[in-house]
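Accompanying notes for the structure given below.
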Amino acid sequence: MPVSKIDLNVILKRFRRAYFKKEADPVGDKWPQDVMRRIRNLGPIESPKTILIPFEQLFWRLAPAACLMILLLTTVLYRMEIVPDTIVFQVLINGEEELTLSQLVGV
């Protein structure tokens, strides 16, 4: 969250004032409970509403399944010893000839 220069100066002045007054103010024994109570009363922070939030949830739900599928397919291809046997792939791997897209599709 960007903070303007004026807000930053106000915050720094308040921190300085609180720092120099710290010995003058009695705190008490229950200050941790009081601080936590105030934090709980603030409530949750509002998240930005965007159109992509449902897609983010869908992505993170499908990510483990996608990783599992990639791992499974890689294992299957490795076990089947699939190597690029065709001429097109050999030419691409060896770099003997530059192929255009039309030559790859056979047009």
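The values are calculated or read from the model by the stated rules, or taken from the named source; none is laboratory data. It should be emphasised that the depicted structure is a prediction, and the values quoted were computed from it without experimental measurement. Using ideal geometry, Cβ is built from the backbone for each residue, glycine included, and neighbour counts are taken over all protein chains shown.
Residue-level check: of (1) over 21 Å from the mean Cα position of the chain (by Cα); (2) surrounded by 10 or more Cβ atoms within 10 Å (Cβ to Cβ); (3) at pLDDT 90 or above, A18 misses just (3).
Screening the candidates P54, P48, P32 for the property of being under 17 Å from the mean Cα position of the chain (by Cα), of a type outside the set (G, A, S) and part of a helix (DSSP H, G or I) yields one hit, P54. Within this structure, V3 passes the test of being outside any helix (DSSP H, G or I), out of contact with any Cys (no Cβ under 9 Å at 6 or more places or on another chain) and at negative phi.
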